[in-house]
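Colleague: This structure is in structure tokens; I'll ask about it shortly.
Bear in mind that the values in this text are calculations on the coordinates, not laboratory data. Quick caveat: nothing in here was measured; it's all calculated off a predicted structure. Every residue, glycine among them, receives a Cβ derived from its backbone with ideal geometry; neighbour counts consider all protein chains shown.
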Amino acid sequence: MAVLIMNSLMEQIQQLKKEKNAIIMAHYYVPDEVQAIADYIGDSFYLSKIATKVKEDTIVFCGVSFMGESAKILNPSKTVLLPDITADCPMAHMADIDTIQRIKSEYKDVAVVCYINSTAELKSYSDVCVTSSNAIAIVKALPNKNIFFIPDQNLAHYVATQVPEKHFIFNDGYCPIHKDITVSDVTTAKRLHPDAEFLVHPECPPDVLAYADMIGSTSEIIDYASKSTKNEFIIGTEAGVLYELKQKNPNKTFYTVTNHQCCTDMKKVTLEKIRDVLLSYNGNVEVSDELRHTAHLPLNRMLELAK
Ligand code: 13P
Ligand code: SF4
């Protein structure tokens, strides 16, 4: 995008934010110029905590729909706007209520642990939500021995290795972007960059995680690289995190594993759409009162257990 157009859009957005008493929250996977104008940027856990504290009337949530939905559930008196209401996480739908109910009837003491990357409806049938940065601590803190972890099988497998005292029942959901990073991609990248550390997100498959120097959420990857004395890193998550990595570490070098670590839904969020949604308010996240009450319980339990 031409620099002049981008600057003008950024100015219009700043002006509209003041007029409408709005703030912008963004996930690390949205385009660079959107990250650049955000008031708050972070991983899913950080953004959930911020959502509970917002004082302004309106939150423009630059991310996918489950993120906007969670913000609305956590702070229902606010208007939550999604710049593109079609931006959705495919994994958020990869579990079903019938299976949850069957597992609940099969295992007496089961806890349904729901990755925050899920619809409000799935959350409403769950006992607690988790994110990639707090899943291990929360599963450890639960009194239940049996854990049905939805929807992500890869995060579930990783957490299971870290909490061997629990019995896990796995679901078959996955993130298509992280699933597409293969061992062959990793070994090729390591051969090309032998001095680089491999930092990877737990949504990647277990055989890829086996090569990791560090496994963590997007924020944890950024923190680790920023504190490290090493200079080169191969990044095993969506390529949007490279924007913040480079902002914080201009003298370090970051490589992606492949050239296709791109979440097309996150990339639907643009400066034009942020300006337009602040003008039209056509992108208002609606959650029924009943669903908000039931889905709030596991989200709130996550916030309490993660303290
Ligand atoms: P985190 O930023 O919490 O690590 O989540 C990654 C992700 O896939 C969000 O969609
Ligand atoms: Fe969903 Fe994967 Fe995109 Fe995250 S990167 S929003 S998990 S599809």
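Colleague: Among the candidates Ile85, Ile41, which residue alone is assigned to a loop (DSSP other than H, G, I, E, B), touching a residue at least 12 places away in the same chain (Cβ under 8 Å) and either of a type in the set (Val, Ile, Thr) or away from ligand 1 (no atom under 16 Å from the Cβ) (or both)? Before you say what the answer is, go through the steps one by one.
Modeller: Numbers: Ile41 fails: assigned to a loop (DSSP other than H, G, I, E, B).
Just a single option satisfies the conditions, and that option is Ile85.
Colleague: While we're on this one: Filter segment 44-64 down to the residues that are hydrophobic (A, V, I, L, M, F, W, C) and assigned to a helix (DSSP H, G or I), then identify the one that is surrounded by the fewest Cβ atoms within 10 Å (Cβ to Cβ). Show your work before the answer.
Modeller: Looking only at segment 44-64, we keep the residues that are hydrophobic (A, V, I, L, M, F, W, C), and these are 45, 47, 50-51, 54, 59-62, 64.
Applying the additional criterion that residues be assigned to a helix (DSSP H, G or I) yields 45, 47, 50-51.
Details: Phe45: 23, Leu47: 26, Ile50: 19, Ala51: 23.
That would be Ile50.
Colleague: Scan segment 131-155 residue by residue and report those that are within 14 Å of ligand 2 (Cβ to nearest atom), closer than 19 Å to Thr99 by Cα and in contact (Cβ under 8 Å) with a residue 24 or more places away in the chain.
Modeller: Within segment 131-155, Ile150, Pro151, Asp152, Asn154, Leu155 meet the criteria.
Colleague: Let me ask you something else. Report whether or not Gly240 is surrounded by 13 or more Cβ atoms within 10 Å (Cβ to Cβ), within 14 Å of ligand 2 (Cβ to nearest atom) and either without any contact (Cβ under 8 Å) to a residue 12 or more places away in the chain or not basic (Lys, Arg) (or both).
Modeller: Yes, satisfied.
Colleague: Within the bounds of segment 86-93, is there any residue that is more than 24 Å from Asn284 (Cα to Cα), of a type outside the set (D, E, K, R) and under 17 Å from the mean Cα position of the chain (by Cα)?
Modeller: Looking for residues that are more than 24 Å from Asn284 (Cα to Cα), of a type outside the set (D, E, K, R) and under 17 Å from the mean Cα position of the chain (by Cα), one finds none in segment 86-93, hence no.
Colleague: Restricting to segment 91-150, count the residues that are closer than 14 Å to Asn171 by Cβ, surrounded by fewer than 23 Cβ atoms within 10 Å (Cβ to Cβ) and of a type in the set (S, T, N, Q).
Modeller: Total meeting the criteria: 4.
Colleague: While we're looking at this one, here's another question. Residues that are within 13 Å of ligand 1 (Cβ to nearest atom), among the acidic types (Asp, Glu) and touching a helix residue (DSSP H, G or I) at 6+ places or on another chain (Cβ under 7 Å): list the helices (runs of 4 or more DSSP H) wholly contained in segment 206-307 that include at least 1 such residues.
Modeller: Those helices (runs of 4 or more DSSP H) span 241-248.
Colleague: Output the residues belonging to segment 243-257 that are touching a Lys or Arg at 6+ places or on another chain (Cβ under 9 Å) and basic (Lys, Arg).
Modeller: Within segment 243-257, Lys246, Lys252 qualify.
Colleague: Also: Starting from residues that are of a type in the set (Gly, Ala, Ser) and within 16 Å of ligand 2 (Cβ to nearest atom), keep the ones in segment 65-90 and report whichever is surrounded by the fewest Cβ atoms within 10 Å (Cβ to Cβ).
Modeller: Ser65
Colleague: Looking at Glu33 and the list (1) in a loop (DSSP other than H, G, I, E, B); (2) over 30 Å from Phe148 (Cβ atoms); (3) among the acidic types (Asp, Glu), which single condition is not satisfied?
Modeller: With (1) in a loop (DSSP other than H, G, I, E, B); (2) over 30 Å from Phe148 (Cβ atoms); (3) among the acidic types (Asp, Glu) applied to Glu33, the lone miss is (1).
Colleague: Is there a residue being of a type in the set (Ser, Thr, Tyr), surrounded by 15 or more Cβ atoms within 10 Å (Cβ to Cβ), farther than 23 Å from Ile24 by Cα and touching a residue at least 24 places away in the same chain (Cβ under 8 Å) anywhere in segment 264-277?
Modeller: no
Colleague: From the set of residues in segment 91-107 that are touching an Asp or Glu at 6+ places or on another chain (Cβ under 8 Å) and part of a helix (DSSP H, G or I), which is nearest to ligand 2 (Cβ to nearest atom)?
Modeller: The extreme case among them is Met91.
Colleague: While we're on this one: Could you say which residue among Glu106, Glu197 is in contact with a Ser or Thr (Cβ under 8 Å, 6 or more places away or on another chain), away from ligand 1 (no atom under 16 Å from the Cβ) and among the acidic types (Asp, Glu)?
Modeller: From the options Glu106, Glu197, the qualifying one is Glu197.
Colleague: Kindly check whether there is at least one residue in segment 60-72 that is away from ligand 1 (no atom under 16 Å from the Cβ) and among the β-branched types (Val, Ile, Thr).
Modeller: First, pick out the residues of segment 60-72 that are away from ligand 1 (no atom under 16 Å from the Cβ): 60, 72.
Okay, now just the ones that are also among the β-branched types (Val, Ile, Thr), so 60.
Within segment 60-72, one or more residues are away from ligand 1 (no atom under 16 Å from the Cβ) and among the β-branched types (Val, Ile, Thr).
Colleague: Still on this structure, I have one more. Hey, any hits in segment 2-11 for a residue that's under 30 Å from Lys179 (Cβ atoms), touching a residue at least 60 places away in the same chain (Cβ under 8 Å), surrounded by fewer than 23 Cβ atoms within 10 Å (Cβ to Cβ) and not charged (D, E, K, R)?
Modeller: So far as segment 2-11 goes, no, none of its residues is under 30 Å from Lys179 (Cβ atoms), touching a residue at least 60 places away in the same chain (Cβ under 8 Å), surrounded by fewer than 23 Cβ atoms within 10 Å (Cβ to Cβ) and not charged (D, E, K, R).
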